[in-house]
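Working notes, structure below.
The values are calculated or read from the model by the stated rules, or taken from the named source; none is laboratory data. These figures come from a predicted structure and were not determined experimentally. Every residue, glycine as well, gets a Cβ built from its backbone with ideal geometry; the counts of neighbours run over all protein chains shown. In case anyone asks, the SASA skips ligands and DNA or RNA and just uses the protein heavy atoms, side chains included. Shrake-Rupley method; radii C 1.70, N 1.55, O 1.52, S 1.80 Å.
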Amino acid sequence: MSKMDFNREFDARHGELVAITDVLSRVTCNNPSALTFAGTNTFLVGKNEVVVIDPGPMDLEHLDALMKAIDGRPVKAILVSHTHVDHSPLAGPLKEKTGAPVMGCGPHKRAVSFADMTETPMDASSQKDFTPDEELEDGAKISVDGVTIEVVATPGHTENHLSFALPEQGVMLPGDHVMAWSTTIVAPPDGSMNAYMKSLDKLMARSETRYFPSHGGEVNNPKVFLPQLKQHRQMRSDAILERLRAGDDEVMTMVKAIYTDVDPKLHGAAALNVLAQLDDLIAQGVVMCDAKVTLSAKFTLRELT
């Protein structure tokens, strides 16, 4: 694998309002886990008036911490990047407390390739009853206290994933699309590697130089780190192509050969990642599938003429 310049140094200071810039601050929820690192970062943009981004999980202590951080200021909007349960559920209770509309991503949906896939562990990670007051399109802009927030559609981690840029500050809030502490999970049925890679190219073409993800700390030098992410994913694809050339045609067979240094208990999660990579290779016209793209399907290399 390519070397990744991960930044795992992060002082969460759970429940405290932590200033990042003069117009951006965060409150980190105390929900650490293997998937959320130190917890979910909820961001506040603005000074006299604020926009809250990614309110977090259904955690009433975090709700109290957010209300303390808001400190009576008007809340113009509550923005949600995507509908995983560590990001969106607290939007409803926060709306009740502040009267602010919930805006951002649309309702939860599966990636097109996996619309008919049987239930996977990823299904439990999504808030399926989320409905915003206003769904925001790519390029939409919100002004709060003189600060512009631009919506940047970045499907991949989930089909409905959004990032939020503060272009005048050179800041990107990439949600879960780019994280400093780890690579992002892209797993069916709501994740799409093909969409993820296109969204990564989209971010790489932008000018923002400071990235603050929804978990962990700042990305060190995103102009270097994002190409590393792309190379890492490409090397995973190359490993899968190597297994196909060796005659492996099923996902779990490939997982056991590729993830030799990973605890077998995690092979189920690895299988979803391999499936997402295979779906991307099918979209590129490199791989064929004998039926629908599922964990039990058989895959072969496409003979190019």
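Taking a ≥ b ≥ c as the square roots of the Cα gyration tensor eigenvalues, the stretch 182-305 comes out prolate, since a/c reaches at least 1.5 and a/b is larger than b/c. Considering only 209, 225, 286, the residue lying farthest towards the positive end of the dipole of the stretch 174-305 is 209, judged by Cα position with unit charges set on Cβ.
State the antiparallel share, in %, of DSSP beta bridges confined to the chain, rounding to the nearest 5.
DSSP beta bridges in the chain are roughly 70 percent antiparallel.
Run the dipole for the stretch 156-236 about the Cα centre, Lys and Arg Cβ at +1, Asp and Glu Cβ at -1, nothing else charged, and hand back the magnitude in debye, nearest 20. Each step should come with its number before you reach the end.
On the way: 8 positive and 7 negative charges, 66 e Å.
Magnitude of the dipole: close to 320 debye.
Charging the Cβ of each Asp and Glu at -1 and of each Lys and Arg at +1, and nothing else, the dipole of the chain about its Cα centre rounds to 500 debye.
Proximity of backbone amide H atoms, modeled 1.01 Å from N, is registered between residue 287 and 282, 302 at under 5 Å, excluding neighbours fewer than 5 places apart on the same chain. Between the entries (i) 22.5; (ii) 19.9; (iii) 19.0, the label attached to Kirkwood radius over Cα pairs in Å calculated for this structure is (ii). Ordering 101, 7, 36 by the projection of their Cα atoms onto the charge dipole of the stretch 1-107, which places +1 on the Cβ of Lys and Arg and -1 on the Cβ of Asp and Glu, puts 101 at the extreme positive end. Between residue 210 and residue 303, the modelled labels are 5.7 nm apart [label points 7 Å from Cα along Cα→Cβ]. Taking a straight line from the alpha carbon of residue 141, these aspartates and glutamates sit under 19 Å away, with near neighbours fewer than eight places off in the same chain left out: 49, 54, 133, 150, 168, 208.
Based on the Cβ-Cβ distance from residue 263 to residue 97, what FRET efficiency comes out when R0 is 51 Å, to the nearest 0.05? Mind dumping the intermediate values first?
On the way: r = 42 Å, r/R0 = 0.82.
Here the calculated transfer efficiency is 0.75.
For residue 190, the residues whose amide H sits under 5 Å from its own are 111, ignoring neighbours fewer than 5 places away on the same chain, with H placed 1.01 Å from N. Ranking 20, 51, 114 by Cα position along the charge dipole of the stretch 1-142, where only Lys, Arg, Asp and Glu carry charges on their C-beta atoms, puts 20 farthest toward the positive end.
What does the C-alpha gyration tensor say about the overall shape of the stretch 93-168? Classify as rounded when a/c is under 1.5, otherwise prolate if a/b is larger than b/c, or oblate. Mind showing how you got there, number by number?
Details: a/c = 2.99, a/b = 1.60, b/c = 1.87.
Oblate shape, in that a/c is at least 1.5 and b/c is the bigger or equal ratio.
Beta bridges from DSSP with both residues in the stretch 1-95: antiparallel share about 75 percent, rounded to the nearest 5.
Considering only protein heavy atoms and a probe of 1.4 Å, how much of the accessible area of the chain is carbon and sulfur, as a whole percent?
Numbers: 6750 of 13300 Å².
Here carbon and sulfur together make up 51 percent of the probe-accessible area.
Measuring r between the beta carbons of residue 253 and residue 19 and using R0 = 41 Å, the FRET efficiency lands at 0.20.
Checking every one of the GluC sites (Glu not before Pro) in the stretch 1-61 against DSSP loop status and a limit of 13 other Cβ atoms within 10 Å picks out 9.
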